[in-house]
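The values are calculated or read from the model by the stated rules, or taken from the named source; none is laboratory data. What you see is a predicted model; the values in this text were computed from it and never measured. Counting neighbours? That spans all protein chains shown, and the Cβs are built from the backbone with ideal geometry, glycine included. When the accessible area is computed, the model is the full protein with side chains, heavy atoms only, and any ligands, DNA or RNA have been set aside. Shrake-Rupley method; radii C 1.70, N 1.55, O 1.52, S 1.80 Å.
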Amino acid sequence: MTGPVLDTRPRTALMYNYYLGGKSWSGVDAQAAMEVVRSSPDVPAVARENFRFAGRAASWAVAEFGIGQVLDIGVGIVHDVPLDSVEKCVRAVSPDAMVLAFDNDPVVLTHARAWRPGYGGVLRGDIRDLDSIFHHPDAGDLLDLTAPTVVVLAAVLHFVADPAAVMAGLRERLVPGSVVVVSHATSTGTEQGRVDDMTGAYEEASSPIRFRTEAQIRALADGWRVEHDLVDVQNWSTDGTRRYAPYETVRVVGMAAVLPEAPATVEVAHVVG
Ligand SMILES: C[S@@+](CC[C@H](N)C(=O)[O-])C[C@H]1O[C@@H](n2cnc3c(N)ncnc32)[C@H](O)[C@@H]1O
């Protein structure tokens, strides 16, 4: 008799939970995470800074633009992390905001069901298939897609082969005035050998990681109005007052951008002859 095939790969969500000091990981996740930390000892500190960035930027966007709904896509496991989640940070500035989370890893969903980490719900959705999020059968009554939305993409686009397609898909589905909060691991400013080692450690994981240059990450905001430009996540602030030195062995950078009104079509007179 054959049973279900168990997926024994390290899971990116659980490796990240290990970096953050959570307790949800298994031996295989911890082993892969330790390999990453061996080549880049700053990873746990940068993971914590990334987690804080997501909450800081999402709550800023909600308060600044008076937006009432937030999608946290690639939420990961939050219930046992000793830091305030996006949901907590958003509710601190807007108690009635709808904060909905998505992740494509069924293990994340299992933890969310057991531990109820807050959020209006944690649903299964894959960012490479935006319809699985925007047309999720359980999201319909919660989301109003005719109103601006804050979309949080924290440390998730580096697990995607074509992040520009994700950003284009969001532009098609969101209304102007919506805000996207992005963070992404960058190869810029880190020794190539370390980047290669980290990439190698993630090769067998549930999603391989892709470090991109700062220029490639900034280009993801083409078609958006960048409100707060790309900086190391620990330095992201709305008043430019955070000035910490970049981490040497790994860098994650973040930015926030607003979807502008579509430019008016310009009538071009064709003069023939
Ligand atoms: C590094 S964790 C980031 C968690 C959280 N966003 C944060 O920054 O604190 C990446 C998360 O993205 C999820 N993920 C990876 N690929 C995804 C995809 N294609 N669609 C949705 N979630 C994805 C993983 O399962 C994991 O939970």
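The condition of being farther than 24 Å from Phe159 by Cα, open to solvent by less than 70 Å² (accessible area, probe 1.4 Å) and either among the small types (Gly, Ala, Ser) or modelled with pLDDT under 95 (or both) holds for only one of Ser207, Ser237, that being Ser237. Gln69 meets the conditions (1) surrounded by 19 or more Cβ atoms within 10 Å (Cβ to Cβ); (2) within 16 Å of the ligand (Cβ to nearest atom); (3) within 20 Å of the chain's Cα centre (by Cα); (4) not hydrophobic (A, V, I, L, M, F, W, C) in every case but one. The failed one is (2).
Of everything in the stretch 1-41, what is of a type in the set (A, V, I, L, M, F, W, C) and either over 24 Å from the mean Cα position of the chain (by Cα) or modelled with pLDDT under 95 (or both)? Give them in sequence order.
Matches in the stretch 1-41: Met1, Val5, Leu6.
A single entry from Ala33, Ala45, Ala54, Ala63 fulfils the requirement of being open to solvent by 50 Å² or more (accessible area, probe 1.4 Å), part of a helix (DSSP H, G or I) and not charged (D, E, K, R): Ala63. Among the residues of the stretch 138-164, those that are small (Gly, Ala, Ser), closer than 24 Å to Val122 by Cβ and surrounded by fewer than 23 Cβ atoms within 10 Å (Cβ to Cβ) comprise Ala139, Gly140, Ala147. Screening Val90, Val86, Val75, Val81 for residues that are under 23 Å from Arg124 (Cα atoms) and more than 12 Å from the ligand (Cβ to nearest atom) leaves exactly one candidate, Val90. Please tell me if Arg218 is in contact with a strand residue (DSSP E or B) (Cβ under 8 Å, 6 or more places away or on another chain), within 16 Å of the ligand (Cβ to nearest atom) and basic (Lys, Arg). Judged against the criteria, Arg218 is not a match. Restricting to the stretch 74-88, name every residue that is surrounded by fewer than 23 Cβ atoms within 10 Å (Cβ to Cβ) and hydrophobic (A, V, I, L, M, F, W, C). Answer for the stretch 74-88, where residues must be surrounded by fewer than 23 Cβ atoms within 10 Å (Cβ to Cβ) and hydrophobic (A, V, I, L, M, F, W, C): Val81, Leu83.
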